[in-house]
1. How about region A:53-70: which of its residues are closer than 12 Å to A:Cys23 by Cβ and touching a Gly at 6+ places or on another chain (Cβ under 8 Å)?
2. What do you reckon, is A:Thr114 β-branched (Val, Ile, Thr), over 17 Å from B:Gln38 (Cβ atoms), more than 13 Å from every other protein chain (Cβ to nearest Cβ) and touching a Pro at 6+ places or on another chain (Cβ under 9 Å)?
3. Just for region A:64-102: of the residues that are assigned to a loop (DSSP other than H, G, I, E, B), within 13 Å of chain B (Cβ to nearest Cβ) and without any contact (Cβ under 8 Å) to a residue 60 or more places away in the chain, which one is nearest to A:Val4 (Cα to Cα)?
4. With respect to A:Leu43, is the statement that it is in contact (Cβ under 8 Å) with a residue 40 or more places away in the chain, more than 14 Å from A:Val4 (Cβ to Cβ) and either in a strand (DSSP E or B) or β-branched (Val, Ile, Thr) (or both) true?
5. Residue under question is A:Ala24, and the condition is that it be hydrophobic (A, V, I, L, M, F, W, C) and surrounded by 14 or more Cβ atoms within 10 Å (Cβ to Cβ); does it hold?
6. Give region B:79-114 a look and list any residue that's in a strand (DSSP E or B), in contact (Cβ under 8 Å) with a residue 60 or more places away in the chain and more than 11 Å from the chain's Cα centre (by Cα), or say none.
Amino acid sequence: NAGVTQTPKFQVLKTGQSMTLQCAQDMNHEYMSWYRQDPGMGLRLIHYSVGAGITDQGEVPNGYNVSRSTTEDFPLRLLSAAPSQTSVYFCASSLLNGGRYEQYFGPGTRLTVT
Amino acid sequence: AQSVTQLGSHVSVSEGALVLLRCNYSSSVPPYLFWYVQYPNQGLQLLLKYTTGATLVKGINGFEAEFKKSETSFHLTKPSAHMSDAAEYFCAVSVGSGYSTLTFGKGTMLLVSP
């Protein structure tokens, strides 16, 4: 199993550009989520999904869109990038059941918006 | 809503000394509690977790944590620090029997000196 994979590893965008961060998992996990990590802020939840066709907002959803058309993939879209979205983005997946199961994290995407 | 407080953004110890990283949580329902470790430029790795049962939890790399409901704490300890323990450590909480959403603390950077 590859686990949770994220692409790209690094990305530089100009303000106003759009892009999609890719996340895929091969563990047949129902739950997938996106976090952003900023210095001194820990990880904050952007969006999550409990299964194909079901998504919901987390703590910091503004400026981001998600969709879940398959169990395996959970892409994160930035519609119009802003410097405030400069961050490291992590995708995670797990089985459901209230945190009883381990969440597996991808290696991260480091995004810089200029 | 649940929250996590990690006391100390940086903790410095000497190699061989006791490691103590503090975590307090706030939750109106019984929580699940986690410690994750992040090595430089990597994703997050689960160290240990408490869901139910024994309140002293042992994890990987010699770390352990004790759930103290009366103190709303879940401090992480290791008897003897190694240079390889230098990393950032995150405490996280998940509540409820439904979804797997984690709320993270802001992290504590552990520095180990020879």
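1. The answer is A:Arg68, and nothing else.
2. Considered against the rule, which asks whether it is β-branched (Val, Ile, Thr), over 17 Å from B:Gln38 (Cβ atoms), more than 13 Å from every other protein chain (Cβ to nearest Cβ) and touching a Pro at 6+ places or on another chain (Cβ under 9 Å), A:Thr114 comes out as yes.
3. Of everything passing the filter in region A:64-102, A:Glu102 is nearest to A:Val4 (Cα to Cα).
4. The answer is yes for A:Leu43.
5. So A:Ala24 fits the description; yes.
6. B:Ser94, B:Val95, B:Thr103, B:Met109, B:Leu110, B:Leu111, B:Val112, B:Ser113
Quick grid of which residues meet (1) within 10 Å of chain A (Cβ to nearest Cβ); (2) closer than 24 Å to A:Tyr35 by Cβ; (3) in contact with a Cys (Cβ under 6 Å, 6 or more places away or on another chain); (4) surrounded by 13 or more Cβ atoms within 10 Å (Cβ to Cβ):
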site	(1), (2), (3), (4)
B:Ser28	no, yes, no, no
B:Pro31	yes, yes, no, yes
B:Leu44	yes, yes, no, yes
B:Thr51	yes, yes, no, yes
B:Val57	no, yes, no, yes
B:Lys78	no, no, no, yes
B:Ser94	yes, yes, no, yes
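Yes/no per residue for (1) crowded, with 18+ Cβ neighbours inside 10 Å; (2) over 19 Å from B:Ala92 (Cβ atoms); (3) charged (D, E, K, R):
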{"site": "A:Gln17", "(1), (2), (3)": "no, yes, no"}
{"site": "A:Asn28", "(1), (2), (3)": "no, yes, no"}
{"site": "A:Met32", "(1), (2), (3)": "yes, no, no"}
{"site": "A:Gly40", "(1), (2), (3)": "no, no, no"}
{"site": "A:Leu45", "(1), (2), (3)": "yes, no, no"}
{"site": "A:Ile54", "(1), (2), (3)": "no, yes, no"}
{"site": "A:Tyr64", "(1), (2), (3)": "yes, yes, no"}
{"site": "A:Leu79", "(1), (2), (3)": "no, yes, no"}
{"site": "A:Ser84", "(1), (2), (3)": "no, yes, no"}
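Only the coordinates and a few stated rules stand behind these numbers; no lab work does. All values derive from a computational prediction rather than experimental measurement. Please note: Cβ atoms are built from the backbone with ideal geometry, for glycine as well, and neighbour counts cover all protein chains shown.
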